Each structure stands twice: as structure tokens, then as C-alpha cells.
1. Read through the list (1) modelled with pLDDT under 80; (2) surrounded by 12 or more Cβ atoms within 10 Å (Cβ to Cβ); (3) in contact with a helix residue (DSSP H, G or I) (Cβ under 8 Å, 6 or more places away or on another chain), then give the number of the only condition that residue 412 fails.
2. Which of the residues spanning the stretch 487-513 are without any contact (Cβ under 8 Å) to a residue 40 or more places away in the chain and more than 18 Å from residue 473 (Cβ to Cβ)?
3. Would it be correct to say that residue 487 is under 18 Å from residue 524 (Cβ atoms), assigned by TED's automatic domain parsing to the domain that holds residue 537, over 60 Å from the mean Cα position of the chain (by Cα) and modelled with pLDDT of 90 or more?
4. Which condition number in (1) under 29 Å from residue 216 (Cα atoms); (2) in a loop (DSSP other than H, G, I, E, B) is the one that residue 333 fails?
5. If I filter the stretch 321-332 down to residues being in contact with a helix residue (DSSP H, G or I) (Cβ under 9 Å, 6 or more places away or on another chain) and free of Cβ contacts under 8 Å to residues at least 24 places away in the same chain, which single residue comes out as farthest from residue 269 (Cα to Cα)?
6. Given the criterion assigned to a helix (DSSP H, G or I) and at pLDDT 75 or above, identify the matching residue among 349, 388, 442.
7. Restricting to the stretch 497-519, count the residues that are part of a strand (DSSP E or B) and either modelled with pLDDT under 90 or within 14 Å of residue 486 (Cα to Cα) (or both).
8. Are there any pairs with C-beta distances below 8 angstrom linking a residue in the stretch 125-151 that is farther than 22 Å from residue 170 by Cβ to a residue that is exposed (fewer than 12 other Cβ atoms within 10 Å of the Cβ), with the two at least 6 apart or on different chains, and if so which?
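The values are calculated or read from the model by the stated rules, or taken from the named source; none is laboratory data. Only a predicted model underlies this, so the values are computations on that prediction, with no experimental measurement involved. FYI the Cβ positions are ideal-geometry reconstructions off the backbone, even for glycines, and counts take in every protein chain you see.
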């Protein structure tokens, strides 16, 4: 029986026990589970990398997964800043978030970024490349370290992954290196894609901003063109001011606006154009320069924007109470051209609750600069017109003195005739003729005074041509009395016509006098009235020289 026992013992010695058979099977299962877990983690990292284009969020998520997968204490991903020649990272696992920057070549991470080689050390302090200042900066104690470069498709180094302190006080294995290499390859691809995405996004944003700036500039040019049109179409300064003010109020969508100009003395402002409530009352105001919002802007030559004007020291409470106008926001811009201050434009109460914005101020500056230029040009034009008017008045007076000779000569002739015995009918006719010539003198005087005031009008009225021709023929006979000049008057129409009687008379007499002077030895002066359809043609011809 013993052999059998021995045999059995031998058989038992040749066969593994159930407990012994379970040991390798258990190790294989553990390894398999670990591999499966690693694969799941790698897949999860891949999904994480594909889930976002935000670099900081991507780095944080990936580093958490790498730390867990590598069974380490923490991980850091550094990115290469080629412009500054540095590595940088905002994401560090642990209790704190600290930004690190390292020059390329400095520390283990810097060395890996510069050389592209992987570094795996069991004790970082035994490696001369280790930069202990980082531990001092973070308060962390580094033992084992696995540092690996991230390379793009062109084999350019774009970053470095650094895994610290393998748990269990052991070093990182070759297996860990291979695993991190696989993860790093994915991370590099997705990191480069994220950077490319943000580069494209940044370019698109820049293009959008450029497009918006171009649109804004185009809008500004359109506004300037419209303002220029308003300025060009306006005949008078006040007309130009009210047009441009109306445009500004509409563009900036506010309730009221005004333009005040500095008076000739230079110590106060007068409101020349006003829109909105209480506009008639505002026009009667005279603001000392430097007081109120508009006075301050005009004096200092500076713009102002206030969306809480009641608390502003420049606010005139007395004027607000007098006008009973609730003020919520104010925008003022000085009117300046060639360093000369002309006044200011003021807009009140933006209709949007947010009040005025910097863009509103910029737009009003553009409008204000155009108004300032227009005021300067308008005043220069008015001054030129005034000078021209004075010169013309001088010429007109010279002409009037010349024209006075005709009625004075006629009056003198009629007066001399009255010295001789005349019938009652002739005396009345001569007296009437003298009164007519005196009326002409008065009309000439009124015309000169009206022109001096800037007025120039034609007194067009209905004229009975038969009476007009008869009177002017008698006056011309008196003009040519004593000269060997034959007067010939003819007309094919004796009805009604419309013209300025006094001016036409003066015109005919001036031509007749010139003809008389040109025909010192005698001749013929012919006055013709001829109707053609709805027009009356008056012609004067003579036989003199010239």
C-alpha cells in the first residue's frame, strides 16, 4: 500500500494542487483587468480630447486621466511658447492652480522640450537637470518623474507631459513609458487641432472686427456725406444749423438737441438752433461761457458725456427748474475749426435707457467737426458778402448819382416851363410830371437802403403799357430837348404787361442818355415795344458811334 501512497504522493508531486493552480491564473486575470482598465482609460482620454476645443479645459481633463492611469500623484502638461522661448502651464494637479513658465533648456521639462528625448528618473534630486526651485515655488516634493515630449505631424515639439511621483515609492516602468507615449501621440494631435481651431477662430474674429470697422467707417463716411449735403444745400447759416442738428438728433435717437454759438464779445453763448420740448423758451436763453454743460464744452473745447447729469457740478438747476425739462443724459461736443472755438452742440436724453455710449460721442464728434467747419466757412462767406455788398453799394451810389441826373434834369426843365405862362391844364400836367420824378428819386433812395440791408427785390406789378409809353415818350423828349436828336417810339401792343416800372424806366433813360452823349452832332434814337406771344421785347437803338 505504501507504493501506492508513494505513487499517489508522486502523482501528487507531479500534479499542482488546486491552490497552486489558482496563483498564475489570478495573476493573469489581474494583468488582463489592468490592461482592460488602461484601454478604457485611453479610450476615455480620446473621447475627452475630442469633446472640447478649449485648451485649458482640455489640459485639465487630460491631466486628471493621465494621473489616474499612470497611478501617479500628479501630472503637468507644458506648452511651448516659441515667441518667448519658454514652456508654460496653467494646469497643475493638486490643491493649487499655479502658472509656471520655464525657459527652454532649463529643468527636466525644458531639457526634454529642447532635445525631444524622454526622461525617466526614480529620484529627481539625483538628476542634475532637475530644477528644484519649482518644488520650492509650489511646496511640492518630487521623487520619481517621467517626462516626455509632444510632437506634431512635422515632428516639431509643441509641448511636454510630465508625470510625478509614482505611487508605492517605485519608479515609472518601461510599460508606463509606452502607455504615456500612446497617450502623448493622441494628445499632440488633438492639441494641435485645438490650436489650429483657435487660430482659425481668432482669424475669423479679426476678420469680423475688420468688417465691423469697415462698416462703421462706411457709416461714418455716409453720415459725413449727408452732413456735407445739408451744409451745401443750406443758403443761410441758421438753415444749415437746424438741418445738421435735426440729423444729429435722429441719428443718435435722442429727445432734444441744441446748438449755441459764442457771441461777438466772446463772453456768452446764444442758442441759434433748438429741437425738442421747450425749444422756444431755450432760444431766449443766454448762457455765460463756461456755465452749464454746453457752456463748459464751448469754453474748454472738450467733449463731455454724462448719464447721471443731475449729480454733475456743471448742471444748471435753475435752468432745469425754469424749463421743467427732466434731464436724464447729456452729450456735448465743441464746434471748433482751425483752432477757433465757435460754440457747442448738445444732445439730451438718449431714448434707450442705457443712455449715451462712447460710440455716440465719437459720432457726434464727427458731426461737430463738420458743423465747426461749416460755421467758419459760412461766417467767412457772410463777411465776403458784406464786403462785396459795401463795394456794390459804392458802385450803386455812383450809378444812382448818374441816374439822378435824369429826374433832376426833368424836374429842372418842368420847373422852368412853369415859370412861363401856362394853361391850367398844362400847369397840372407839369406839376404831375415833377411829382413823378420826385417819386423816382425816392424809389432810388429806398433801393440803395434796401440793398445795404441785404434786401434786393423786384416790384413786379401790372402796368398799362399805353400810359407807360406815353409818359416815357414825354420824358425822353424833355431829355433830348436842345439836341438834334430825333425820337422814334413804336409799339405793336398797348395792353397790360407785368414788370418793375421804375427799374425799366431807369434802364431806358440810361440808354437814352448814353445815346445822346454818343450823338453829339445829332442822330436818331429809336424805342420799340414788341409783343411776341407772352413776352414783351423792349429795344433801344441809336445812330451814334460805338
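1. Of the numbered conditions (1) modelled with pLDDT under 80; (2) surrounded by 12 or more Cβ atoms within 10 Å (Cβ to Cβ); (3) in contact with a helix residue (DSSP H, G or I) (Cβ under 8 Å, 6 or more places away or on another chain), the odd one out for residue 412 is (3).
2. Within the stretch 487-513, 496, 498 meet the criteria.
3. Values: under 18 Å from residue 524 (Cβ atoms): yes; assigned by TED's automatic domain parsing to the domain that holds residue 537: yes; over 60 Å from the mean Cα position of the chain (by Cα): yes; modelled with pLDDT of 90 or more: yes.
The answer is yes for residue 487.
4. In the conditions (1) under 29 Å from residue 216 (Cα atoms); (2) in a loop (DSSP other than H, G, I, E, B), residue 333 misses (2) alone.
5. Selected residue: 326.
6. Values: 349 fails: assigned to a helix (DSSP H, G or I); 388 fails: at pLDDT 75 or above.
Every option except 442 fails the conditions.
7. Adding up the residues that qualify gives 0.
8. Cβ pairs passing all conditions: 138/96; 149/117.
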